[in-house]
Structures are given as C-alpha cells and as structure tokens.
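One structure is given below, encoded as structure tokens.
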Ligand SMILES: [Zn+2]
Ligand SMILES: [Zn+2]
C-alpha cells in the first residue's frame, strides 16, 4: 500500500491511497485533471470525503468515475451544492471495506457548531496500516488511539498561533481556527505525534499559506518524533512522491 498526496491546504486537498492497481482518493478538493493525473492509471474504487468544506468536497468529487463515500450529516449539508452526490454512499462509525482496503472512520473535532463533523480514516490493507487526519481543533484520546500503531500517518500541521493572530483575518475566523474545533497548530500536531508511537513516515499536511512556514511545521514535528521516522511535507501546488507503507 502507498499514500500519495496530490495537494494539501485550504486551496484544496486530495490524497491517493493505493494497493497494486487499485486506489481510493481521500478528499476531492482539487481540479479533475490533477486528481485523475495523480492516479497514474490506477483503478479508482471510491472517493472518500472527510467533511463538507469546499477544500475537501469540491465540485469534481462526483466526476471522477467512482462512488463518493461521505458521512450522512455532511451529505445533507452539502448535497445541494455539489452536483452528482445523489448516489453517494454513506459511512457511519463502523469499519467498511472497499476493494482491498479496510477503512475505519473516526470523528474529528471540527467545526463545532454544526450537526456534521470532520472524519479521519484508518486504512488497512493486509498487514499495512495508515491513518489520515486533517481539519481537527485538537486531538482527544480517541483520535490519538486511532492514529497509533500505523506505518504511515498523514496529519495536519495547520498554523503558527502567533502568525494566525497577526494575520489580519476576520477576528471570528481567527478565533475559530485557534479553537478546539478549528485546526491543529504546529505545537498541537507535535504533541499529538509524541503520543502515537513510531510510524516510519509522517506526512504533514494542510499547512496554512499565510499563517505557517514549512520550516516551523517541520521543526516542531521533528522534535516530537524519533530519529528513525521520516518526515515529509505535503504542499498545496504539487503532488508529493508516493510514500510506501
Ligand atoms: Zn480544510
Ligand atoms: Zn475544514
């Protein structure tokens, strides 16, 4: 199994998870071209959506030639906006199987005041395990548990709180980003990494373009991880290399 991020950040997210010639795409917030090119000929089995925000559920999600899987409250809140979601499949709190992938969704604290929430995924294939978690305001024990014991972890390292406060953004937005239901700061990401054991590779994602710097995210995470763990940063505009599980 491998994971390949195609682009990550508030400008759009999509990640390919593949085994042999079969793939799923987690989040579909990029252009159709970028997502299809990122598959490099793999057979797409499903599109998995973490939550309804535009950078994760874009207009092309249902136009990739595979069923869209989404949690029901997110679907209810988004179905009128994103065309082609009529035939969506729903996941709840139980594990489910798509092709060779055994998928366990888990709720993430984001955005707080709605009926819907974001979801992370733990994906297993044979003996290989990976986890994907982005858009969460903090990492409660249940989330730490879901991220533990995997070979590859994709985790958001969204912002530096000082840069966020000085950003000049709308105060309500700043308060929300920094809240328990917003996004993980670099320090919160690092604290989470320190609690999850020893993945062989960590991919940091969803870095804010305005309120973070790659060097800050990398430095915080590096201190929290054992030396043997490889650290990779996902970028907004370019697809990363495949990360083997
Ligand atoms: Zn997002
Ligand atoms: Zn979001």
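Given (1) outside any helix (DSSP H, G or I); (2) in contact with a strand residue (DSSP E or B) (Cβ under 7 Å, 6 or more places away or on another chain), where does residue 198 come up short, assuming only one miss?
(2)
Six or more apart or on different chains, Cβ under 6 Å: which pairs go from a residue in region 168-184 that's in a helix (DSSP H, G or I) to one that's at pLDDT 95 or above and within 13 Å of ligand 1 (Cβ to nearest atom)? Could you list them?
176/182; 177/183
Considering only residues that are farther than 17 Å from residue 9 by Cβ and buried (at least 17 other Cβ atoms within 10 Å of the Cβ), which ones fall in region 220-230? Even if it seems obvious, please write down each step before you answer.
First, the residues of region 220-230 that are farther than 17 Å from residue 9 by Cβ: 220, 222-230.
Answer for region 220-230, where residues must be farther than 17 Å from residue 9 by Cβ and buried (at least 17 other Cβ atoms within 10 Å of the Cβ): 220, 224, 225, 229.
Out of 88, 62, 78, which single residue is surrounded by 19 or more Cβ atoms within 10 Å (Cβ to Cβ) and within 16 Å of ligand 1 (Cβ to nearest atom)?
Working: 88 fails: within 16 Å of ligand 1 (Cβ to nearest atom); 62 fails: within 16 Å of ligand 1 (Cβ to nearest atom).
The unique qualifying residue is 78.
Residues in region 106-127 that are under 12 Å from residue 182 (Cβ atoms) and within 15 Å of ligand 1 (Cβ to nearest atom): how many?
Residues of region 106-127 that are under 12 Å from residue 182 (Cβ atoms), as a first pass: 108-113, 118.
This time we only want the ones that are within 15 Å of ligand 1 (Cβ to nearest atom), so: 108-112, 118.
Counting residues in region 106-127 that are under 12 Å from residue 182 (Cβ atoms) and within 15 Å of ligand 1 (Cβ to nearest atom) gives 6.
Quick one: how many residues across region 24-38 are within 12 Å of ligand 1 (Cβ to nearest atom) and closer than 19 Å to residue 104 by Cα?
Within region 24-38, residues that are within 12 Å of ligand 1 (Cβ to nearest atom) and closer than 19 Å to residue 104 by Cα number 1.
Each row is one residue, and each column tells you yes or no for (1) touching a residue at least 40 places away in the same chain (Cβ under 8 Å); (2) surrounded by 15 or more Cβ atoms within 10 Å (Cβ to Cβ).
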residue: 94; (1), (2): no, no
residue: 101; (1), (2): yes, yes
residue: 105; (1), (2): no, yes
residue: 124; (1), (2): no, yes
residue: 129; (1), (2): yes, yes
residue: 134; (1), (2): yes, yes
residue: 139; (1), (2): yes, yes
residue: 154; (1), (2): yes, yes
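Among residues belonging to region 17-51 that are in contact with a strand residue (DSSP E or B) (Cβ under 8 Å, 6 or more places away or on another chain) and part of a loop (DSSP other than H, G, I, E, B), point out the one that is farthest from residue 66 (Cα to Cα).
51
I'd like the residue in region 39-54 that is more than 18 Å from residue 98 (Cβ to Cβ) and within 18 Å of the chain's Cα centre (by Cα) and, out of all such residues, is farthest from ligand 1 (Cβ to nearest atom). If you could, list the steps in order and put the result at the bottom.
Our first condition is that a residue be more than 18 Å from residue 98 (Cβ to Cβ); within region 39-54, this holds for 40-41, 51-54.
Pick out the ones that are also within 18 Å of the chain's Cα centre (by Cα) and you get 51-54.
Numbers: 51: 8, 52: 10, 53: 5, 54: 8 Å.
Ranking the qualifying residues of region 39-54, first place goes to 52.
Tell me whether region 160-179 contains one or more residues that are crowded, with 21+ Cβ neighbours inside 10 Å and within 22 Å of residue 16 (Cα to Cα).
Scanning region 160-179, I find no residue that is crowded, with 21+ Cβ neighbours inside 10 Å and within 22 Å of residue 16 (Cα to Cα), so the answer is no.
The values are calculated or read from the model by the stated rules, or taken from the named source; none is laboratory data. Not measured: the values here are computed from a predicted model. Quick reminder, even Gly has a Cβ in these numbers, built from the backbone with ideal geometry, and neighbours come from all protein chains shown.
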